[in-house]
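Below: the structure, in structure tokens.
None of the figures in this text is laboratory data; all of them are computed from the coordinates on show. Predicted model, so just to flag it, every value in this text is computed and none were measured. As a convention, Cβ positions derive from the backbone with ideal geometry for all residues, glycine included, and neighbour counts pool all protein chains shown.
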Amino acid sequence: MAVGTEYLAEQPKLRTSAIVLSAVAIAALLAAPFFFYPVLVMSILCFALFACAFNLLIGYVGLLSFGHAAFFGGAAYFTAHAAKVWGWEPLAAILLGAAGAAAMGLVMGFLAIRRQGIYFAMITLALSQMFAFICLQVPFTHGEDGIQGVPRGYLLGIVDLNQPLAMYYFTLAIFLFGFFAIWRIVHSPFGNILKAIRENERRAVSLGYRVDRYKLGAFVMSAALAGLAGGTKAIVFQFATLTDVAWQMSGEVILMTLLGGIGTMIGPVVGAGLVITLQKYLAASDFPVTVLIGIIFVICVLLFRRGIVGEILEFMKRKPKGTA
Amino acid sequence: MSSAPLLEVRGLNAWYGESHVLHGVDLDIREGETVTLLGRNGAGKTTTLRAIMGILRRREGVIRLRGKDLLGLPLHKVAQSGIGYVPEERGIFASLNVSENLTLPPTVSEGGMSVEEIYTLFPNLHERRSSQGTKLSGGEQQMLAIARVLRTGARFILLDEPTEGLAPVIVQRIGDVLTALKKRGMTILLVEQNFRFAKKVADRFYLMEDGRMVNSFPGHELDARMDELHEVLGV
Amino acid sequence: MSTIFGIPTPALYGQILIGLINGSFYAMLSLGLAVIFGLLRVINFAHGAQYMLGAFAAYLLLNWLGINYWLALVLAPLAVGVIAVIIERTMLSRLYGVDHLYGLLLTFGLALILEGAFRYWFGAAGQPYAAPSQLTGAVNLGFMFMPVYRGWVVVASLVVCIGTWLLIEKTRLGAYLRAATENATLVQAFGVNVPLLLTLTYGLGAALAAFAGVLAAPIYQVSPLMGSNLIIIVFAVVVVGGMGSILGAIVTGYVLGVLEGLTKVFYPEASSIVIFVIMAIVLLVRPAGLFGREE
């Protein structure tokens with residue numbers, strides 16, 4: 001499934017252009033709040049990080065989690081509760097959310113990696129649905145109402161996050177941190193073993209790797225990063241609700257990743273940007289968003305399984321071959 | 001000898017994924033003939049059978065049965081044009097009992113054996129007709145795999161290493177069955193490593209090496225060519 | 001009034017009956033999922049949507065065309081089966097060569113489309129569907145009063161499950177299906193039209209879901225979301241049972257339904273998650289599922 005990053009690393013020319021592109025992208029993100037509605041961009045950043053975290057599993061270990069909403073939404077609840085009820089500083093609250101998601105990831109992952117392929121997807125879906133039911137019943141989540149009016153607070157006690165720009169750059173910093181953490185993981189020896197497992201699990205086992213530990217490790221990291229995204233979202237939007245833990249949310253993050261390109265670094269970011277923008281514009285219209293999401297799913301699966309970025313990379317990869 | 005062959009293979013190339021495994025194979029089998037493919041492991045004998053059946057889909061060249069092109073047909077139409085296939089791994093289904101295994105392949109033409117006739121020919125299968133297919137011994141499974149295609153009325157049978165790993169008594173039994181089939185006018189394409197077995201039943205031999213046909217000769221020349229064969233086959 | 005563990009027995013029997021009814025739906029749906037998965041290697045996420053379609057078909061047949069319940073019980077599965085056949089021919093069949101996960105994603109997308117469209121047309125709220133007059137009222141079983149319709153659902157689902165099981169285990173078509181589940185290529189090499197078999201199997205599985213939907217219409221409200229909430233529980237049921245065995249899927253469905261009903265009596269807070277908890281325990285103790293074979 002993966003195209004792209006390994007290939008980019010092998011091509012000095014493309015590598016340079018990748019660095020240039022990254023610089024341009026970061027510059028664009030720094031300037032974005034002056035041109036776009038900051039809340040929209042922040043929303044995209046949160047979901048982009050969520051999708052990148054999800055992609056760490058599907059793209060680099062080949063595990064399709066259908067339950068990532070539990071980590072995203074769960075962390076949102078934890079962060080919201082810490083910030084609102086305990087009055088925690090926002091960064092600490094977000095880190096608590098990520099840690100909570102990691103702990104959940106450890107439990108869910110431990111159960112789910114006992115089965116493979118399609119069963120893994122069903123198990124993660126079922127476990128996250130169980131978590132959603134729990135969220136509906138326990139008092140701290142406030143049931144259907146969710147946790148509303150979460151204070152953004154002062155970052156490290158100094159920076160007032162009620163300032164839109166401050167909030168924006170804080171969100172951007174978290175996104176970039178998460179994105180580069182994933183980049184580091186993927187390009188580390190650990191990441192190479194993950195890819196080896198994805199390519200041929202039996203072979204990895206016969207080479208002596210404790211495959212289950214690697215899978216679980218990746219699962220926990222993915223959950224923690226999804227939690228980082230969810231916690232940040234709770235601070236940005238100042239609420240946490242059942243929507244974020246529902247199975248539809250797990251479906252959305254799959255769609256973002258699939259649309260952008262499974263197993264590519266920036267595919268999930270592109271996918272998240274498109275889906276969130278689309279949802280925002282459709283929210284004003286009468287057209288049912290779910291139907292559109294379903295249609296995009298069907299089109300992606302049938303026509304371009306590599307996703308937008310994946311198809312572009314594949315095209316670039318073929319071109320030199322064709323001319324040589 | 002002047003009549004058109006039953007099966008005509010011309011310039012057959014085939015691929016497993018990216019690897020090119022058959023290189024321009026030519027093969028003729030006349031009605032009622034028993035032809036044996038010889039060759040080392042990996043020479044392309046099983047692949048040739050799979051390519052003729054259409055199980056291996058990536059093929060180029062010509063495969064004609066009674067003048068009718070097989071290459072363009074979907075897999076299930078190939079069997080329906082009158083070929084019975086007995087795969088190397090025998091392909092007995094674990095979730096079916098012996099009698100279900102026996103009656104699984106649909107009838108492809110008139111004149112196949114009835115279930116009663118088959119049970120007369122293979123009394124063991126009758127005794128064990130309610131057992132799970134894969135609970136049979138290796139020899140019984142091979143009998144079942146052969147019996148299965150006799151019911152369908154196919155007049156042309158592809159047999160892939162029917163004696164592999166079986167005790168001499170069973171090999172003898174299978175030899176008797178093949179002789180009986182020849183008497184009924186069946187055409188057989190056999191892949192076989194066991195010379196002594198093949199010599200008894202084969203009218204003609206083809207020798208394969210590295211995905212190519214390298215030689216062909218009539219059955220009675222087998223003994224005279226033993227040295228040459230030993231060299232090619234490395235036995 | 002008699003009690004068991006401090007619970008009045010009528011309440012206990014009542015919950016067991018409700019559990020048996022939920023179990024009937026779990027059994028019918030997991031059976032369909034297992035049959036489809038066995039042959040197509042596709043987890044049919046649209047199974048819930050097809051169940052919902054069945055219920056809506058009954059509702060629309062009644063309200064638009066005045067067609068009664070009994071005819072709907074035949075027509076709705078037929079209509080949904082035909083839709084499923086079209087889906088299989090035009091879309092699913094293109095995915096057999098690629099990773100099985102894409103089949104799941106495609107059917108997930110289809111489920112979203114169907115659900116979204118029905119929510120757009122009919123709203124999220126449920127629509128009532130009256131049980132047929134022949135099946136109204138209740139009978140006294142001696143230890144409890146049982147609504148006739150509920151009894152009918154249990155009986156009908158048992159008949160359908162056993163019928164499907166017999167079809168698979170005892171008929172020629174079933175033999176093709178079992179053999180093709182093991183080795184589709186070889187079955188096709190014997191001259192069986194396996195692509196057609198795949199299409200029919202998907203159609204049959206969907207029709208089964210639609211039949212369950214019609215049965216459900218008078219009990220639960222007919223609503224666009226009735227399927228997806230159910231299908232996730234059915235996934236857990238399927239994980240518990242393992243998809244290797246048809247009978248296993250049926251038995252697991254009923255048993256888990258009853259266990260869920262009992263939980264409602266003894267510890268109601270946990271009733272919505274008990275099946276998931278059981279799934280987690282089964283994964284710890286017997287990862288392949290109770291009736292599953294390790295792959």
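Spatially, the stretch A:164-196 and the stretch C:2-68 are offset by 44 Å when compared through their Cα centroids. Phi angles of the stretch A:36-44 translate, via the Karplus equation with coefficients 6.51, -1.76, 1.60 and θ = phi - 60°, into HN-Hα couplings of 10, 5, x, 4, 5, 5, 5, 4, 4 Hz per residue; Gly and Pro are given as x. Split chain C at each of the chymotrypsin sites (Phe, Trp or Tyr not before Pro) in a DSSP loop with at most 13 other beta carbon atoms within 10 Å, and the longest piece is C:144-295. Evaluating 6.51 cos²θ - 1.76 cosθ + 1.60 at θ = phi - 60° for every residue in the stretch B:92-103, the Karplus couplings come out as 7, 8, 6, 8, 10, 7, 4, 5, 5, 4, 5, 9 Hz, glycine and proline recorded as x. Note on the stretch B:190-235: Cα-only Rg and Dmax are 9.9, 26 Å. Across the stretch A:40-245, Cα pairs under 8 Å and at least six residues apart give a relative contact order of 46 percent.
Listed here are the pairs A:84/A:233; A:84/C:264; B:68/B:200; B:77/B:199; B:45/B:199; B:45/B:182; which of them are more than 23 Å apart at the Cα? Pairs exceeding 23 Å: A:84/C:264; B:68/B:200; B:77/B:199. Taking amide H as placed 1.01 Å from N in the peptide plane, the amide H of residue B:157 sits under 5 Å from that of B:84, B:187, B:188, B:189, each at least 5 places away or on another chain. Once you've got the GNM for chain C with C-alpha springs shorter than 10 Å, pick whichever of C:233, C:21, C:250 has the biggest mean-square fluctuation. Checking each option, the largest mean-square fluctuation is seen for C:233. Expressed in units of 2.2 N^0.38 Å, where N is the residue count, the Cα radius of gyration of the stretch C:100-142 is 2.02.
Give me the net charge of residue C:112's neighbourhood, meaning all other residues with Cβ under 13 Å from the Cβ of residue C:112; Lys, Arg count +1, Asp, Glu -1. Overall, the nearby charge balance is -1.
Every pair of different Cα atoms in the stretch A:137-218 enters the Kirkwood calculation, which places the hydrodynamic radius at 16.7 Å. Net charge in the neighbourhood of residue C:209 (other residues with Cβ under 15 Å of its Cβ; Lys, Arg +1, Asp, Glu -1) is -2.
Kirkwood radius, the protein assembly as shown, all distinct C-alpha pairs, inverse of mean reciprocal distance: 30.3 Å.
For the stretch A:83-157 versus the stretch C:125-156, the spacing of their alpha-carbon centroids is 41 Å. Each Lys or Arg adds one and each Asp or Glu takes one away; over the other residues whose Cβ falls under 13 Å from the Cβ of residue B:222, this sums to -1. Once backbone amide H atoms are built at 1.01 Å from N, residue B:31 has B:6 as its partners under 5 Å, excluding neighbours fewer than 5 places away on the same chain. Placing one equal scatterer on every Cα of chain C and applying the Debye formula, the log10 ratio I(q)/I(0) at q = 0.10, 0.14, 0.16 Å⁻¹ is -0.54, -1.06, -1.34. Over all distinct Cα-Cα pairs of chain B, the Kirkwood formula returns a hydrodynamic radius of 18.1 Å. The rule of thumb for compact globular proteins, 2.2 N^0.38 Å, goes into the C-alpha radius of gyration of the stretch C:136-295 1.21 times. Distance between the C-alpha centres of the stretch A:253-298 and the stretch C:214-254: 29 Å, rounded to the whole angstrom. The value for the stretch B:36-85 of Rg(Cα) / (2.2 N^0.38 Å) is 1.16. Note down the Stokes-Einstein diffusion coefficient of the stretch A:40-245 in µm²/s, whole number, using a Kirkwood radius over alpha carbon pairs, 37 °C, and 0.692 mPa s. This corresponds to a translational diffusion coefficient of 192 µm²/s.
Out of C:119, C:172, C:41, any idea which swings most in a Gaussian network model of chain C, alpha carbons joined below 10 Å? The residue that fluctuates most here is C:172. Backbone phi angles across the stretch A:151-163, fed through the Karplus curve with coefficients 6.51, -1.76 and 1.60 (θ = phi - 60°), yield HN-Hα couplings of x, 6, x, 10, 5, 6, x, 10, 7, 7, 7, 6, 6 Hz in residue order; Gly and Pro are listed as x.
Close amide-amide hydrogen proximity is noted between residue C:222 and C:127, C:129, each under 5 Å apart and 5 or more residues distant or on a separate chain (H modeled in the peptide plane; Pro and chain starts excluded).
Eigen-decomposition of the gyration tensor built on the alpha-carbon atoms of the stretch C:60-179 gives equivalent ellipsoid semi-axes of 33, 24, 14 angstrom, largest listed first.
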